[in-house]
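This report refers to the structure that appears directly beneath it.
The values are calculated or read from the model by the stated rules, or taken from the named source; none is laboratory data. Remember, predicted model here, so these are calculated numbers, not experimental data. Cβ placement follows ideal geometry from the backbone for every residue including glycine, while neighbour counts extend to all protein chains displayed. Side chains included, ligands, DNA and RNA excluded: accessible areas come from the protein's heavy atoms. Shrake-Rupley method; radii C 1.70, N 1.55, O 1.52, S 1.80 Å.
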Amino acid sequence: MEEETQRAPLSLHIPTPSAEHCERLRVAVEQAASRSAESMEALRVAIREFTVVLRDEGTTPELVLIALKTVIYNRSFPTIAVHPTEWAGGSRLHEKISTWCIEEFFREKTA
Amino acid sequence: MKDKSKAASGILRSELQEVLTHRTETAIAARIDLRDAVCRYVDAEQSRGTSLAIIIGTVKSILAEAEEESVHATDELAQQLVDWCRQFHGKHLAMLEETR
């Protein structure tokens with residue numbers, strides 16, 4: 001006689017992360033945030049310099065923006081395409097780049 | 001003389017383009033690393049039962065500290081991080097619902 005025993009469904013035990021593990025992850029976020037802030041600042045400086053050079057050559061703001069987007073989008077933004085969740089962030093980055101360019105173009109020259 | 005200045009201008013523009021491209025790629029890579037770090041952190045804290053509000057507050061304070069060392073703080077990144085936290089929290093909740 002076979003004993004049919006009701007077996008409880010298997011429950012997959014996923015251990016709860018320890019406080020120490022969460023702390024390490026928090027530190028990792030700190031470090032990543034610091035690198036991201038630094039790289040964005042470096043990018044902003046590069047965009048400003050690019051804008052100033054073209055502006056001082058007599059290029060109109062529209063053409064400066066087009067030149068900027070041509071340089072950045074053609075070579076760099078395909079990187080974002082492989083991360084679909086990045087699209088929302090990517091559009092914000094696009095907007096920020098355009099804003100930096102226009103702000104710098106119309107910034108009054110200081111002596 | 002004009003040709004020389006044109007050539008110099010062309011070289012300068014070319015160098016600026018290279019720097020711009022390199023820094024854009026670096027910034028994108030750093031942003032992706034940050035996104036992944038936030039994802040891992042949010043996932044771990046959620047597993048411990050930490051509320052989304054607390055997680056978001058912690059992530060925003062981390063950003064504020066990082067941007068104190070930077071010359072220009074941006075609201076854009078703070079909003080991005082909040083959106084990521086909400087996105088990952090939503091995914092986590094959906095997964096928990098499916099396993100019930």
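On average, how many beta carbons from a partner chain sit within 10 Å of the beta carbon of a residue in B:36-45? Before the final figure, lay out each step's value.
Working: counts 4, 11, 5, 3, 7, 11, 2, 2, 10, 4.
Per residue, the average neighbour count from other chains is 6.
Students often check this: by mean Cβ neighbours within 10 Å, which of A:42-51, A:99-108, B:55-64 ranks highest, and how do the rest follow?
Working: A:42-51: 20.8, A:99-108: 14.7, B:55-64: 18.3.
Descending mean neighbour count gives A:42-51, B:55-64, A:99-108.
Pop a pseudo-label 7 angstrom from the Cα along the beta-carbon direction at both B:D43 and A:E49 and give the gap in nm to one decimal.
Distance between label points: 3.8 nm.
According to a simple spin-label model (label point 7 Å from Cα along Cα-to-Cβ), what is the distance in nm between A:T59 and A:R24?
With each label point 7 Å from Cα toward Cβ, the separation is 4.7 nm.
Averaged across the residues of B:61-67, what count of C-beta atoms belonging to other chains lies within 10 Å of each residue's C-beta?
For peptide B:61-67, the averaged partner shielding equals 5.
Quote the total accessible area buried by chains A and B together, excluding ligands, DNA and RNA, probe 1.4 Å, nearest 100 Å².
Chains A and B together bury roughly 4100 Å² of accessible area.
Give me the distance in nm between label points sitting 7 Å out from Cα along the Cα-to-Cβ direction at A:K69 and B:T50, one decimal.
3.9 nm
In units of 2.2 N^0.38 Å, what is the alpha-carbon radius of gyration of segment A:14-72?
1.94
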